[in-house]
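Chemist: Below you'll find the structure I mean.
The values are calculated or read from the model by the stated rules, or taken from the named source; none is laboratory data. Remember, it's a predicted structure, so these values are computed and weren't measured experimentally. All Cβ positions, even for glycine, are placed from backbone atoms using ideal geometry, and neighbour counts span all protein chains on display. For accessibility, only protein heavy atoms count, side chains too; no ligands or nucleic acids. Shrake-Rupley method; radii C 1.70, N 1.55, O 1.52, S 1.80 Å.
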Amino acid sequence: GNSLEPEDLSMELAAAPEEELPLTAASSLAGRQLFGYVGIEAVLEQMKIKTMKTGFEFNIMVVGQSGLGKSTMVNTLFKSKVSRKASQPAQEERIPKTVQLQSVTHVIEEKGVKMKLTVTDTPGFGDQINNESCWDPIIKYINEQYERYLREEILITRKRKIPDTRVHGCVYFIPPTGHWLRPLDLEFMRRLGKIVNVVPVIAKADTLTLEERAEFKQRIQEDLKTHAISVYPQEDFDQDPDDRALNDRIREKIPFAVVGADQEHQVNGKRVLGRKTKWGIIEVENPAHCEFPLLRDLLIRSHLQDLKDITHNVHYESYRVRRLNESNCP
């Protein structure tokens, strides 16, 4: 009888933790109240300091016909001369026979935060009589950047930080016709929306009256819905309820009716960016005049990191899966 007692005791001890497991799991899920300051929230400051030292990369592409103000819009977004014109003002500007991609890179610094900005322009897009397959060079360029990142990623000895040249956002300029979208616009956004974040805007919106602008935006939204074209921010990627509510308000405003200007004017004793006309000054950063502040907030102030995350986790991931499947096929 005495020889069995230790075995019974060990069995009881072994069974005890199994009974307590649900309680332990429940308490860990509920979280624990700290008795004093530990300093966990200091990790946010550490991340901030590290980001300020290393900086980050942001690559944007502008697509549209010549004369829609793409270069001016990019300069207005970043309040500096970051876009490169196709030709000098004194020279005659010639329309390229094919779509040519031109990239220019700058390092912008604001309050100690450095950003390596790459702007890619597409002169010659939509300027020909026959614009069939004019989006092919753009698709090829975007996929080349994915391929370059993939080649660096699959190396045995990888770099500590892989240079990121992938296009994080594509701003598509719609001419202010006031009618429906052209077949070129629909086909471009349908094809590009699958591989990159496309943000459509109505260029030179000051050429439309407020009534024409509202009607044109409604027609564009109907066209996008009819042809099942997905533009940024996509509804499928909204996970947080707060993000969904914010993105719903943004989707109601898309496409943004924008006006670009890189010259300052005096208005009520203040220097503002705008375009001077005979009847007044169109203030670019005034929400009552145009929707440029909404575009700037979307691209820079509120969704810049989200653009990069969707590019990496969705568009690049789909390209990576496709390429690895191709390489594994006999």
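Chemist: If you check every pair at least six apart or on different chains, which have Cβ atoms under 6 Å apart with a residue in the stretch 39-68 that is open to solvent by less than 90 Å² (accessible area, probe 1.4 Å) first and a residue that is at pLDDT 85 or above and of a type in the set (F, W, Y) second?
Modeler: Between residues of the stretch 39-68 that are open to solvent by less than 90 Å² (accessible area, probe 1.4 Å) and residues that are at pLDDT 85 or above and of a type in the set (F, W, Y), the close pairs are V63/F125; V63/Y172; G64/F173; L68/F173.
Chemist: Taking the stated definitions as given, is I254 in contact (Cβ under 8 Å) with a residue 40 or more places away in the chain, more than 19 Å from Q305 (Cα to Cα) and crowded, with 16+ Cβ neighbours inside 10 Å?
Modeler: So I254 passes the test.
Chemist: Now, a different point. Only residues that are open to solvent by 10 Å² or more (accessible area, probe 1.4 Å) and either of a type in the set (A, V, I, L, M) or under 20 Å from the mean Cα position of the chain (by Cα) (or both): list them for the stretch 172-183, please.
Modeler: L181
Chemist: Can you list residue pairs whose Cβ atoms sit under 7 Å apart, with the first residue in the stretch 205-225 being aliphatic (A, V, I, L, M) and the second being part of a helix (DSSP H, G or I)? Count only pairs 6 or more apart in sequence or on different chains.
Modeler: Matching pairs, first to second residue: A205/R213; L208/F216.
Chemist: Could you tell me whether the stretch 292-308 includes any residue that is within 23 Å of I195 (Cβ to Cβ) and not in a helix (DSSP H, G or I)?
Modeler: yes
Chemist: Condition check: open to solvent by less than 90 Å² (accessible area, probe 1.4 Å), in contact (Cβ under 8 Å) with a residue 60 or more places away in the chain and assigned to a loop (DSSP other than H, G, I, E, B). Does I229 satisfy that?
Modeler: Here the answer is no, as I229 does not meet what is asked.
Chemist: Let me ask something else. Out of everything in the stretch 297-330 that is of a type in the set (K, R) and without any contact (Cβ under 8 Å) to a residue 24 or more places away in the chain, what residue ends up being least open to solvent (accessible area, probe 1.4 Å)?
Modeler: Residue satisfying both the conditions and the ranking: R322.
Chemist: Quick check, is I281 closer than 13 Å to D206 by Cα, at pLDDT 85 or above and surrounded by 12 or more Cβ atoms within 10 Å (Cβ to Cβ)?
Modeler: Against the criterion (closer than 13 Å to D206 by Cα, at pLDDT 85 or above and surrounded by 12 or more Cβ atoms within 10 Å (Cβ to Cβ)), I281 qualifies.
Chemist: Could you tell me whether any residue of the stretch 149-171 is closer than 30 Å to L210 by Cβ, open to solvent by less than 60 Å² (accessible area, probe 1.4 Å) and of a type in the set (F, W, Y)?
Modeler: Among the residues of the stretch 149-171, not one is closer than 30 Å to L210 by Cβ, open to solvent by less than 60 Å² (accessible area, probe 1.4 Å) and of a type in the set (F, W, Y), which makes the answer no.
Chemist: Of all residues being in contact with a helix residue (DSSP H, G or I) (Cβ under 7 Å, 6 or more places away or on another chain) and over 30 Å from R182 (Cα atoms) in the stretch 104-129, which is surrounded by the most Cβ atoms within 10 Å (Cβ to Cβ)? Just the residue, please.
Modeler: Among those residues, the one meeting the criterion is L117.
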